[in-house]
Amino acid sequence: MESPTNHPESYESPKESEVLKNINIADTETHLRTLFEGVEGFIELRAFKDNKAVVKFFDSINPTLQWVKENTEKLRESDVYVGVNPRAVKPERGGGKEEHIRTCHFAVVDKDFKKEITVDNLSDEVKIALAEKGFWKSNKVTIVKQGKKVYEIRKPKFSDFILWLYDRIEPLGLKPSLIIDSGWGYHIYIKLNETTPEVWGEIQGYLADLLGGDRLIDPPRIIRLAGTLNNKFALKNTCRILYSSEEPPINADELLKKLKSIVEGIKEARELSHTDFGLNILDVLKKWGYDPEENLKPSGDELVGAHPVHGSTTGRNFWVDPDNNRWNCFRADCAVDGKPSGGGVLQLIAVLEGLIDCKDARKGTLRGELFKKVLRIAKEKYGARIELPKPVDDFNTLMNDDDPESGESDPFDHLVKLSEKLQESSTTADEAWEYEIPPIELNLPEDNFITKFMRMAERRTDAYKEYHFIGAISILSRIAGRRVYVDFLHERVYPNVWAMTLGDSTISRKSTAMKIAKTVVEFVGIRGFFLPHDFSPESLIQILSQKSTGAIWHPEGGKLLATLKKQYAIDLRDFLCILYDGENYYRTLRKEEFEITDPYVTIWLAMTPAVFKKHSTTLDFESGFLARFIYVNPQYEKEWRPFGLATKEDLEAFEEVCEFLKEIHMRVVDSKEDIRIDFDPEAFEFYQEWQRRWEEEVIRTKNQILATLLGRYYLYAVKLAMLFTLGDKEFEPIITLEYIQEACRVVDEYLLPYAVNLIKELEWDEERNLQEKILGTLKRHGGELTRRDLLRYLHKPLREVSEALEALVHSGEIELVKKDGKIVVKLKHKATKKQVNGNNGTNGNSGDYTTVVIRREPPVTELLGIDGKTYLLKANAMVTLPRVNAEPLIRAGIAEEFSGGGDSK
């Protein structure tokens, strides 16, 4: 779904002082033309005031608008409504009725967020406000009084609502033509081909079931007219258009079929949720290892997040209704005949434990022996209140233990054969998966600012030159601000850049590179360039409410990532995303209202790869937060240079860069109008073709990593081209073919590969955590376990354990053998008597023990060594332990072998 573009200021409900004093004719006209342009019939308007209605009919749009204009003063005190469907016949008296409707052209959803509450549980402060003003309002909830009734309204931000809406209607192939803020909710309009009132009514009912809106199933239905005021409560609100788009009509009959399938899938899940055996769906998720508080966000009465097993490219395909113990998955691959998968706690347990695929979570799947297996796990692992029959050992059946008489193929047989094959050969089965990324080379003119800056910086330090590239574009990005832009049809793009430079401590010189860039900025004397890099959410809001533009550069950027994981900063991530997207923001802090308008914030963080991985997960990319950054993490061997003294030539190069930056700064500041950068036609054609090819590649390969990144990186190609253009000595606001080609090449050859590598490293770390758990479990049980017993200790889905075992077989750390008809998992390295009894600390044969520095803290900080001792693995600690135990830690990047004779860092 495209971002709202025609009313970018309208992401939040306005403050009381911002409510329009008069009718907004522009919104009224857009609303009417969307509904009735080219449609035959009468337009019905109704205006209500003091329980009295004025009903008007018009045969076309222009007379309707003229009447609204002429009656603005009266109408701004009224609640004005329009008939959704044209009236084929003008009634002789009163408003339109069902017999007056012949055709329907738009489905409409009225998503309301108010619910009636009792006054008894309200605080004295709220009661007084209701008595004196008729309403009470905070930043998240509004309470209003209407006669004797009191309503609580929790209307979500439009940016959150649009994501919620997209997740629900995207499987149907729907895009709204209009989204209107009705004051206390949202109205969504979807264009249909001409259909009958009967089909329209069915579509309306299913849409209400799907989206939870009011059931607007009667064809003569009226709905608020955009541009007018919502005067229903003492706290008035504006009815305004947030999004409009000329979408082609949807075939109504096909839509009806799809809606039936999806709604029936949800109802089926609701029916299945009635049998819960005393289990709470959120507790089940948490016991399995998926914390709802961290992974799910409120969306109306439900919670939404990434699926715990197969994940999500959007981070929003897994829906949980905690009140009804129901869940649904809206991943397209999991739908059958259009029905989403889902169910209650038993279906969820079956999916989490790997007993069924997510797509099979539906009515009729859990039967017979499978149902018994799920019940046993529900009782033994999750605490369900179930009395199970005792004679049959269903757990053996569940784990598919080896039965020579069964004749069934064992899914682990290939691992046994692989173990035997690897034992016969000295070669390993490791495969390289990382992109090999060469040193960055740019095809920019010698007199371009970026080129000159990088040349100057390379003279001063042996830091990776990728860091200087980030420094140059970070400077230009901040200077450009919102004054430089490209206008696409769907949105305006500004050149704000968020970047992370990763590298090992000391030797990569990432902090030195940032310091050089900062020195240039300070020498030029650009006031207000920086924002504080250490901040609380509240302090940043206060700062940006006074000055909404600035750069956050942090040489220890891991501190910010660590902060984002803390409970008190739970809203900071969403707030930062709003800043990146340039949306206005409103917040009340300590009873004081703060407004951030037209924000423009750039970010540059530096940290080690280990710190990045410690505070990041693949879900952070899938949710979109980390996908907003570009990354450089150079690994190639660079030339080392000792510290040197600055020469005259070095100082001249520095001063030349500073003078050039002054020119660019004044170019932006002195411009009388904002600088719109256009594409050369040939350049734009190239960009569109580049985008098309990438999308075809994603569709062909189903590469979820690329799909996660490309939505943001498409725009980063444009942002880079804008900055290349701004950095020209002879500036012309045109993106040339050469510059867009170079920007796309930088994305293709450097930025995307760096990001993909990081995601894969995070995935590998997550997989490796399970591998370490397997090794630790084996060591605690004498070095070997039957496959069945290992699965019982791990409490992980069968598929994940199988993949982890296969990786450990490949790495030569374990072997799988058949023993007494059962599969046994064995450590390949067994402690000798000498290793167990003859080594204390560093005494004995140094080849059996080694000293390591713990670079990052593993998930389990206590390690039971093969010598029977327990080792504490704390970050930055130096530990001497058996080499057999140290080697997996070193391979996982958790530890680094200490060679002695110098600084281990």
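The values are calculated or read from the model by the stated rules, or taken from the named source; none is laboratory data. Because the structure is predicted, anything quoted here is derived from the model rather than measured. Cβ coordinates were reconstructed from backbone atoms using ideal geometry, including for glycine residues, and neighbour counts include every protein chain displayed. Each accessible area value is taken on the protein alone, full model and side chains, heavy atoms only, with ligands, DNA and RNA left out. Shrake-Rupley method; radii C 1.70, N 1.55, O 1.52, S 1.80 Å.
Computed values, structure above
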| read-out | value |
| --- | --- |
| Net charge over other residues, Cβ less than 11 angstrom from the Cβ of Gly183 (K, R count +1; D, E count -1) | +3 |
| Where the Cα pairs of the range 426-550 fall when distances are cut into 10 Å bins, in % | 10, 31, 32, 18, 6, 2, 0 |
| Under the Karplus curve 6.51 cos²θ - 1.76 cosθ + 1.60, θ = phi - 60°, whole-Hz ³J(HN,Hα) for the range 603-610, x wherever Gly or Pro sits | 9, 9, 10, 10, 6, 7, x, 5 |
| Solvent-accessible surface (1.4 angstrom probe) belonging to Asp112, in square angstrom, nearest 10 | 40 |
| For Trp553, residues with placed amide H under 5 Å, excluding near neighbours | Leu531, Trp604 |
| Residue order for Ser811, Ser508 - accessible surface, 1.4 angstrom probe, largest first | Ser811, Ser508 |
| Entries in Lys518/Lys547; Lys702/Lys760; Lys114/Lys286; Lys379/Lys566; Lys232/Lys591 that, when Cα-Cα distance is taken, lie over 24 Å | Lys114/Lys286; Lys379/Lys566; Lys232/Lys591 |
| Other-chain or far-sequence residues with amide H under 5 Å of Ile823's (modelled H) | Asp402, Arg787 |
| Pairs beyond 29 Å (Cα-Cα), from Lys97/Lys257; Lys155/Lys613; Lys49/Lys133 | Lys155/Lys613 |
| Karplus-derived HN-Hα couplings along the range 102-111 (A = 6.51, B = -1.76, C = 1.60, θ = phi - 60°), whole Hz, x at Gly and Pro | 10, 9, 10, 10, 9, 7, 9, 10, 9, 8 |
| The range 256-380 - percent of accessible surface contributed by carbon and sulfur, probe 1.4 Å | 44 |
| Neighbour-limited loop hits for GluC sites (Glu not before Pro), the range 532-632 (at most 16 other Cβ within 10 Å; DSSP other than H, G, I, E, B) | Glu556 |
| Which of Thr725, Thr647, Thr851 is most accessible, then next, and so on - probe 1.4 Å | Thr647, Thr851, Thr725 |
| Helical contribution to [θ] at 222 nm, DSSP H n ≥ 4, -39,500 (n - 2.57), averaged over the chain, rounded to 500 | -12000 deg cm²/dmol |
| Net +/- balance of residues flanking Tyr467 in space, Cβ distance below 13 Å, scoring K and R +1, D and E -1 | +3 |
| Most to least accessible of Asp160, Asp357 (protein chains only, probe 1.4 Å) | Asp357, Asp160 |
| C-alpha center-to-center spacing [the range 66-107, the range 483-505] in angstrom | 46 |
| Probe 1.4 Å - accessible area at Asp301, Å² to nearest ten | 130 |
| Amide H contacts under 5 Å for Ala895, placed H, 5+ residues apart | Arg855, Ile890 |
| Where GluC sites (Glu not before Pro) fall in DSSP loop in the range 75-176, at most 16 other Cβ within 10 Å | Glu77, Glu92 |
| Accessible solvent surface per residue of the chain, calculated while the other protein chains remain in place, 1.4 angstrom probe, Å² | 47 |
| Dipole magnitude of the range 62-150 about its Cα centre (Cβ charges: Lys, Arg +1; Asp, Glu -1), debye to nearest 20 | 120 |
| Percent carbon-and-sulfur accessible area, the range 644-771, ignoring ligands, DNA and RNA, probe 1.4 Å | 50 |
| The range 566-672: C-alpha pair distances exceeding 25 Å, % | 54 |
| With DNA, RNA and ligands ignored, accessible area of His810 (1.4 Å probe; Å², nearest 10) | 50 |
| The chain: DSSP helices with Cα axial extent of at least 24 Å and average Kyte-Doolittle hydropathy no lower than 1.0 | 704-726 |
| Per-residue ³J(HN,Hα) for the range 229-239, Karplus 6.51 cos²θ - 1.76 cosθ + 1.60, θ = phi - 60°, Hz, x for Gly and Pro | 9, 8, 9, 5, 10, 4, 8, 6, 8, 8, 9 |
